[in-house]
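Asks: So that we are looking at the same thing, I have put the structure below in structure tokens.
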Amino acid sequence: MFNAAIRQWRTPLAIFTSLTLFASCSGSADKDKAQALLDSATQAFDSGNHTLALSLTDSLKRSYPSQIEIRRKALHLTTRATEGLTLHRLETADSLLATLGVKGDSLQKLIRYVKNPIEGYYVGINAKDGGIVGSNGIQARLTPNGDFYLISSLKSKAVKSTSVTVACDGTSASTSTVAYDGERNDRSMGAEVITYMGAECDSLGHFIQLHYSQPMTLTFNGSTSYSMPLPQAQAQEIATLYEYSTTMRRAKVASLEKEKLTRALDIARAQAAKTYVEPSDDEK
């Protein structure tokens, strides 16, 4: 009976011992796998592949939550990789901003400011002082903030115009319709004069910029229509002002992106300092 009792006692003890050994081996295997991921992430970081380093440390944190010490090291590597990636993006944004600045300075030489009692505006450097009102055609202008807009003027024929279309090689673009209101669509000065703002004329400005060196046809749309060749000088001025406006918008976006990335870099560097892990004697 005594021997039987000993055998019954030994059975659960053996099971417990086996489970303990299994857990120990399993934990050791997880540690090795986690360390291998950390080593791969470190190699990626050292080679400048910060995106891969972040992906590997993220995989490590998700797959081996029990490996606390290795996860601490991975966290520090994550902050350093984030710092490196942010720095690269900042350098790219800074380079783009510099390029746009040079381009903007070059285009600025091709425009001039016109004073106006209500609000001044920019036109092409060779634009007539009296503007386009009272003649036939379209003129590009920029607000002091660099916003693009168009003025159309039709004197030779009354069509009660509400929009304009420019065509070239079987393709075309049009402004939005601006209904007659006596203000933005005015017919009181011996001509039909319409002001198209922002999105109302952006696609037309872009179209002319793409085709300004080619012959284009300008059509005034209304109760009837009237078509004429778009003068080359007008097309060139529209293309220049549209490109300048686009360059200014891109520069503003790049400047905001640079500010955002500068703040993000400061945060990443602060986090890297906080998560630093002193290497052990074996790692030194």
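The values are calculated or read from the model by the stated rules, or taken from the named source; none is laboratory data. Here the structure is a predicted model, which is why all the values come from computation and not from measurement. Don't worry about glycine lacking a Cβ; one is built from the backbone with ideal geometry, like all the others, and counts go over all protein chains shown. Please note that ligands, DNA and RNA were not included when accessible areas were found on the heavy atoms of the full protein model with its side chains. Shrake-Rupley method; radii C 1.70, N 1.55, O 1.52, S 1.80 Å.
Asks: Checking the condition surrounded by fewer than 20 Cβ atoms within 10 Å (Cβ to Cβ), touching a helix residue (DSSP H, G or I) at 6+ places or on another chain (Cβ under 9 Å), in a loop (DSSP other than H, G, I, E, B) and at pLDDT 95 or above, which residue from SER172, SER176 passes?
Replies: So the residue among SER172, SER176 that is surrounded by fewer than 20 Cβ atoms within 10 Å (Cβ to Cβ), touching a helix residue (DSSP H, G or I) at 6+ places or on another chain (Cβ under 9 Å), in a loop (DSSP other than H, G, I, E, B) and at pLDDT 95 or above is SER176.
Asks: Right, next: Mind checking which pairs have a first residue in the range 61-82 that is on the phi < 0 side of the Ramachandran plot and a second that is open to solvent by 80 Å² or more (accessible area, probe 1.4 Å) and among the hydroxyl-bearing types (Ser, Thr, Tyr), Cβ under 6 Å, 6 or more apart or different chains?
Replies: Within 6 Å, the pairs are HIS76/TYR276.
Asks: Report, by residue number, each residue of the range 238-276 that is open to solvent by 20 Å² or more (accessible area, probe 1.4 Å) and among the β-branched types (Val, Ile, Thr).
Replies: Those that are open to solvent by 20 Å² or more (accessible area, probe 1.4 Å) and among the β-branched types (Val, Ile, Thr): THR246, VAL253, THR262, ILE267, THR275.
Asks: Another one. Of (1) assigned to a helix (DSSP H, G or I); (2) among the hydroxyl-bearing types (Ser, Thr, Tyr); (3) open to solvent by 60 Å² or more (accessible area, probe 1.4 Å), SER223 satisfies all except one. Which?
Replies: (1)
Asks: Of everything in the range 83-104, what is free of Cβ contacts under 8 Å to residues at least 60 places away in the same chain and surrounded by fewer than 17 Cβ atoms within 10 Å (Cβ to Cβ)? Give them in sequence order.
Replies: HIS88, GLU91, THR92, SER95, ALA98, THR99, VAL102
Asks: Tally up the residues in the range 133-162 that are in a loop (DSSP other than H, G, I, E, B), within 28 Å of ASP105 (Cα to Cα) and either open to solvent by 10 Å² or more (accessible area, probe 1.4 Å) or acidic (Asp, Glu) (or both), please.
Replies: Qualifying residue count for the region: 4.
Asks: If I ask for residues that are exposed (fewer than 14 other Cβ atoms within 10 Å of the Cβ), small (Gly, Ala, Ser) and free of Cβ contacts under 8 Å to residues at least 24 places away in the same chain, which ones from the range 105-132 would you list?
Replies: Passing the criteria: SER106, GLY130.
Asks: A follow-up question, please. Among the numbered criteria (1) modelled with pLDDT of 95 or more; (2) in contact with an Asp or Glu (Cβ under 6 Å, 6 or more places away or on another chain); (3) of a type outside the set (A, V, I, L, M), which single criterion is violated by THR195?
Replies: (2)
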